[in-house]
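Asks: Pasting a structure below so you can have a look.
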Amino acid sequence: MRKTVAGLMTGIGFMFACGTSAQSQELTIFWAEWDPANYLQELVNEYEAETGVTITVETTPWADFQTKAFTEFNAKGSAYDMVVGDSQWIGAASEAGHYVDLTEFFNKHKLKEVMAPATVKYYAEYPANSGKYWSIPAEGDAVGWSYRKDWFEDPKEMEAFKAKYGYDLAPPKDWKQLRDIAEFFHRPDQKRYGIAIYTDNSYDGLVMGVENAIFSFGGELGDYSTYKVDSIINSEKNVKALETYRELYGFTPPGWAKSFFVENNQAITENLAAMSMNYFAFFPALVNEASNPNAKVTGFFANPAGPDGDQYAALGGQGISIVSYSQNKEEAMKFLEWFIKDETQKRWAELGGYTASAKVLESEEFQNATPYNKAFYETMFRVKDFWATPEYAELLIQMNQRIYPYVTAGQGTAKEALDALAEDWNATFKKYGRH
Amino acid sequence: MATVVMTSLDSRSRAASRGLSDIKIRNLFIIPTILFLIVFNIFPLIYSLGYSFTDFRASSNAPANFVGLQNYRELLNDPFIWANFAITAKYVIVSVTGQVVVGFGTAMLLNRAIPFKGLITTLLLLPMMLSMAVVGLFWKLLYDPSFGIINYALGLGTFEWLANPDMALYAVAITDIWMWSPFVMLLSLAGLSAVPRHLYEAAAIDRAGPFYTFFRITLPLVAPILMIAIIFRTMEAFKTFDLAYILTSQPTTEVISIRLYKMAFQEWQTGRSCALAYIVLIMVLAITNIYVKYLNRVKER
């Protein structure tokens, strides 16, 4: 009898031992469903080959990425060990304790110097200038532009353009030229249109698009440290920027009122538009002849400057964070140590990921690797982002509510839309006691 | 009443020989359902009523503070919410009216001896068997101004069904009508086939015209079952989410359930969204009640 019991106990003990060891060898990273997530899976496969730790990159479509991630966080679920979360989540996720504080890790590895400054500021640090870090910049991203080189370089078009506008047809240097070129190529009778811009108001598409204009026109969304928005969000510059964005909407293909990254890449692949706004992360698909029949004649440029020479772009991209409710935090930490190594970052860039490592970004090798890497490098050092406060989602929806009817349907004026938005934001900040 | 409905267990049956009584069998069937309802419907319903008086946010660890009627007060004073309700009302009226006209009309056409009647009826029922999300994605392609087949077939050029703020809601309603008219048709068909033949024969003998026959015989006799179809469709249309969410993102198509979804799962204003959900629930109950009263009156006639 005693023997049987002892045998059973050993068996159970063995089972537990196996169970825990098997668990610690597996990690799950949660991200949105897009190409970079596939590149990350390839990268972590190499980690598995080195260490034997299996890592799965689990994905979900962008439209419910935020909802799914926060549902899991709110339920304190341990399904994901790490998450590559959007930059504006950081306030909400850190204040609610969903993310592990990585300040010590950050300082130990001097990541503030290793990674490009903008990525540290927007993906990792919260609150602004606090020296507290919650994630490791993983996928750098910003908005850039693709254009049809064959349309731009057609001698007849060049001649006609010069005759009409008095300067040479080339990738635009400022927003006025952007507007002129969009107008020039807008020919609905030929089923060719001037420009593709973001207009989707279900998440941050439209807001990102408008941010490109606002930041380059020298405007800001507000003072991120004092929460002051009056005469910042509704400043003269922002009104001009929004009016220009509305004007550009007039040169988009028909029905362009719910477009985001998928539609904007289609504008190039389907011969719809001369120029198209999109995140750099979606450009690999445009140089691939399998996904873009016009791959050979597609060019790229950085977001042009505004009337006063300011040149900024809206930030996309994500940092990787460890979820507080994970049962494998130590193992996840080890993975991050591997992830930030220079070799890993270099390999990450080779696979198609947009590294945030300053050293890799500055290398000749990286900048010449693709037709858009140089524009990406230039852009990543002048990017700005949306509010990262925990109530960012309310701010985002309010901005969508106010500017969408103006941009897509011309209801009211830009000034009215932005004045109303300033009021909404003030009310929201008052509600959360931010002032 | 219950004793009339419930028949006694046959004493020779296998269940009886195992010592099961009617009551035991009844409980066996009903208790799991009741438990399920309590756990998944009643409990959350009451729990969320509590939340609707707080500023609770599921996304934070902050404790919920009691704020009284503040959520309700603010929601009912929010012009955007009122716009959402107005849009929903417009949508319900357009969509349900369309479904009744099309559905009842088709049922009238089918309610006669025609070849392949069974096959035609089955084929007409297909739309409502599809998933809402799939229908939404299909119609988004059909409506596309550049390559959509609707503009091509109607010769409308690049008419913007979904990007035009005035048209978008109607476009969503048309899709809903396409999808759910078969449901109204099915119920109407059942009602129509139950109208006794001899009434029509009597009307024919009296030389009643087709309009007179329709308004005095067909409609009154089908009305109760048609009312049931309308009740179901109104409740569903009031709660519409998928179609409108997938097809377009116009502010003019932001029905109340989309606003509710955004408030609850994008903004994580859990307390306030509970309050909004209660306002919607009360409205649906009120509307349904009016219908049911009317239905009872129709049945009495």
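The values are calculated or read from the model by the stated rules, or taken from the named source; none is laboratory data. Fair warning: this is a prediction, and the values are worked out from it, not measured in the lab. Don't worry about glycine lacking a Cβ; one is built from the backbone with ideal geometry, like all the others, and counts go over all protein chains shown.
Asks: From B:225, B:258, B:282, B:290, grab the single residue that is aliphatic (A, V, I, L, M) and within 30 Å of residue A:390 (Cα to Cα).
Replies: Selected residue: B:258, the only one of B:225, B:258, B:282, B:290 that is aliphatic (A, V, I, L, M) and within 30 Å of residue A:390 (Cα to Cα).
Asks: Here is a follow-up. Conditions: (1) in contact with a Lys or Arg (Cβ under 9 Å, 6 or more places away or on another chain); (2) part of a helix (DSSP H, G or I). Residue B:87 meets all but one. Number of the miss?
Replies: Going through the list (1) in contact with a Lys or Arg (Cβ under 9 Å, 6 or more places away or on another chain); (2) part of a helix (DSSP H, G or I), residue B:87 breaks only (1).
Asks: Does residue A:128 satisfy being more than 20 Å from residue A:354 (Cβ to Cβ) and modelled with pLDDT of 95 or more? First the steps, then the outcome.
Replies: Values: more than 20 Å from residue A:354 (Cβ to Cβ): yes; modelled with pLDDT of 95 or more: no.
Against the criterion (more than 20 Å from residue A:354 (Cβ to Cβ) and modelled with pLDDT of 95 or more), residue A:128 does not qualify.
Asks: Further question: Restricting attention to segment A:187-202, which residues are within 13 Å of chain B (Cβ to nearest Cβ) and not aliphatic (A, V, I, L, M)?
Replies: A:187, A:188, A:189, A:190, A:191, A:192, A:193, A:198, A:199, A:200, A:201, A:202
Asks: Specify which of the listed residues (A:138, A:128, A:92) is under 22 Å from the mean Cα position of the chain (by Cα) and within 14 Å of chain B (Cβ to nearest Cβ).
Replies: Details: A:138 fails: within 14 Å of chain B (Cβ to nearest Cβ); A:128 fails: within 14 Å of chain B (Cβ to nearest Cβ).
None of the other options fit; the residue is A:92.
Asks: Return the pair list, or none, for Cβ contacts closer than 6 Å from residues in segment A:68-80 that are more than 11 Å from every other protein chain (Cβ to nearest Cβ) to residues that are assigned to a helix (DSSP H, G or I), at least 6 apart or on different chains.
Replies: Final answer for the pair search is A:79/A:72.
Asks: It is to be established whether one or more residues within segment A:158-169 are in the same structural domain as residue A:244 (by TED's automatic domain parsing) and either crowded, with 22+ Cβ neighbours inside 10 Å or within 30 Å of residue A:336 (Cβ to Cβ) (or both).
Replies: yes
Asks: Tell me yes or no: at least one residue of segment B:291-299 is within 14 Å of another protein chain (Cβ to nearest Cβ) and either small (Gly, Ala, Ser) or at negative phi (or both). Steps first, answer last, please.
Replies: Going through segment B:291-299, the residues within 14 Å of another protein chain (Cβ to nearest Cβ) turn out to be none.
No, segment B:291-299 contains no residue that is within 14 Å of another protein chain (Cβ to nearest Cβ) and either small (Gly, Ala, Ser) or at negative phi (or both).
Asks: Ok, one more. Look through A:166, A:205 and report the one residue that is within 14 Å of chain B (Cβ to nearest Cβ) and out of contact with any strand residue (DSSP E or B) (no Cβ under 8 Å at 6 or more places or on another chain).
Replies: A:205
Asks: Pull out all pairs, ordered by first then second residue, where Cβ-Cβ is under 9 Å, the residues are six or more apart or on different chains, the first lies in segment B:147-161 and is closer than 20 Å to residue B:178 by Cβ, and the second is among the charged types (D, E, K, R).
Replies: Note: pairs meeting the criteria are B:147/A:270; B:148/B:140; B:150/B:144; B:151/B:144; B:161/B:144.
Asks: Which residue out of A:231, A:259 is away from chain B (no Cβ under 14 Å) and small (Gly, Ala, Ser)?
Replies: Only one candidate qualifies: A:231.
Asks: Checking the conditions here, which among A:365, A:343, A:416 is free of Cβ contacts under 8 Å to residues at least 12 places away in the same chain, surrounded by fewer than 19 Cβ atoms within 10 Å (Cβ to Cβ), more than 25 Å from residue A:109 (Cβ to Cβ) and of a type in the set (Asp, Glu)?
Replies: The match here is A:416.
Residue by residue, here is whether (1) surrounded by 22 or more Cβ atoms within 10 Å (Cβ to Cβ); (2) in contact with a helix residue (DSSP H, G or I) (Cβ under 6 Å, 6 or more places away or on another chain) holds:
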position: A:90; (1), (2): yes, no
position: A:101; (1), (2): no, no
position: A:123; (1), (2): yes, yes
position: A:127; (1), (2): no, no
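Asks: Could you pull out the residue among B:184, B:172 that is within 14 Å of another protein chain (Cβ to nearest Cβ), under 25 Å from residue B:285 (Cβ atoms), in a helix (DSSP H, G or I) and at pLDDT 95 or above?
Replies: B:172
Asks: Could you count how many residues in segment A:386-399 are touching a Gly at 6+ places or on another chain (Cβ under 9 Å) and not hydrophobic (A, V, I, L, M, F, W, C)?
Replies: Of the residues in that region, 4 qualify.
Asks: Out of A:369, A:290, A:274, A:314, which single residue is modelled with pLDDT of 95 or more and of a type in the set (Gly, Ala, Ser)? Before you say what the answer is, go through the steps one by one.
Replies: Values: A:369 fails: modelled with pLDDT of 95 or more; A:290 fails: modelled with pLDDT of 95 or more; A:314 fails: modelled with pLDDT of 95 or more.
None of the other options fit; the residue is A:274.
Asks: If a residue must be surrounded by 12 or more Cβ atoms within 10 Å (Cβ to Cβ) and either among the hydrophobic types (A, V, I, L, M, F, W, C) or in a helix (DSSP H, G or I) (or both), how many such residues does segment B:110-121 contain?
Replies: The total comes to 4.
Asks: Can you tell me which residues in segment A:59-85 are aliphatic (A, V, I, L, M) and closer than 15 Å to residue A:322 by Cα?
Replies: Within segment A:59-85, the subset aliphatic (A, V, I, L, M) is A:63, A:69, A:75, A:79, A:82-84.
Hits for segment A:59-85 are A:69, A:79, A:82, A:83, A:84.
Asks: What helices (runs of 4 or more DSSP H) completely inside segment B:201-301 contain at least 3 residues that are touching a residue at least 12 places away in the same chain (Cβ under 8 Å)? Working first, answer last.
Replies: Values: elements: B:210-213, B:219-238, B:242-247, B:256-261, B:270-300.
Here the list reads B:219-238, B:242-247, B:256-261, B:270-300.
Table: residues versus (1) within 30 Å of residue A:405 (Cα to Cα); (2) out of contact with any Gly (no Cβ under 7 Å at 6 or more places or on another chain); (3) at pLDDT below 95.
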| site | (1), (2), (3) |
| --- | --- |
| B:72 | yes, yes, no |
| B:80 | yes, yes, yes |
| B:89 | yes, yes, no |
| B:92 | yes, yes, no |
| B:98 | yes, yes, no |
| B:112 | no, yes, yes |
| B:116 | no, yes, yes |
| B:133 | yes, yes, yes |
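Asks: Shifting gears a bit: With the requirement that a residue be over 30 Å from residue A:72 (Cα atoms), of a type in the set (Gly, Ala, Ser) and within 14 Å of chain A (Cβ to nearest Cβ), what does segment B:50-104 give you?
Replies: Within segment B:50-104, just B:83 meets the criteria.
Asks: So residue A:143 fits all but one of (1) of a type in the set (Val, Ile, Thr); (2) within 14 Å of another protein chain (Cβ to nearest Cβ); (3) in contact with a Gly (Cβ under 7 Å, 6 or more places away or on another chain); what number is the exception?
Replies: Here residue A:143 meets the rest and fails (2).
Asks: Just wondering, is there one or more residues in segment A:273-283 that are farther than 30 Å from residue A:31 by Cα and within 14 Å of another protein chain (Cβ to nearest Cβ)?
Replies: yes
Asks: Another question, if that's okay. Give segment A:397-433 a look and list any residue that's of a type in the set (Gly, Ala, Ser) and away from every other protein chain (no Cβ under 13 Å), or say none.
Replies: Passing the criteria: A:414, A:422.
Asks: Residue check: is residue B:105 farther than 30 Å from residue B:223 by Cβ and without any contact (Cβ under 8 Å) to a residue 24 or more places away in the chain?
Replies: No, not satisfied.
Asks: Any residue at all in segment B:26-45 that's within 20 Å of residue B:284 (Cβ to Cβ) and hydroxyl-bearing (Ser, Thr, Tyr)?
Replies: Checking segment B:26-45: not a single residue is within 20 Å of residue B:284 (Cβ to Cβ) and hydroxyl-bearing (Ser, Thr, Tyr).
Asks: Assess whether residue A:348 counts as being in a helix (DSSP H, G or I) and crowded, with 23+ Cβ neighbours inside 10 Å.
Replies: Spelling it out, residue A:348 is indeed in a helix (DSSP H, G or I) and crowded, with 23+ Cβ neighbours inside 10 Å.
Asks: Next question, about the same structure. Among the residues of segment A:95-112, count how many are away from chain B (no Cβ under 14 Å), touching a residue at least 24 places away in the same chain (Cβ under 8 Å) and within 21 Å of the chain's Cα centre (by Cα).
Replies: Adding up the residues that qualify gives 1.
Asks: Condition (residue is among the basic types (Lys, Arg) and assigned to a helix (DSSP H, G or I)) applied to segment B:21-38: is it met by at least one residue?
Replies: Yes: segment B:21-38 contains one or more residues that are among the basic types (Lys, Arg) and assigned to a helix (DSSP H, G or I).
Asks: Looking at residue A:164, is it farther than 30 Å from residue A:352 by Cα and at pLDDT 95 or above?
Replies: For residue A:164, the condition - farther than 30 Å from residue A:352 by Cα and at pLDDT 95 or above - is met.
Asks: Also, I was wondering about something else. List pairs: first in segment A:245-256 and surrounded by fewer than 22 Cβ atoms within 10 Å (Cβ to Cβ), second among the hydrophobic types (A, V, I, L, M, F, W, C), Cβ under 7 Å, 6+ apart or cross-chain?
Replies: Going by the 7 Å Cβ cut-off, the qualifying pairs are A:246/A:407; A:246/A:414; A:249/A:197; A:249/A:407.
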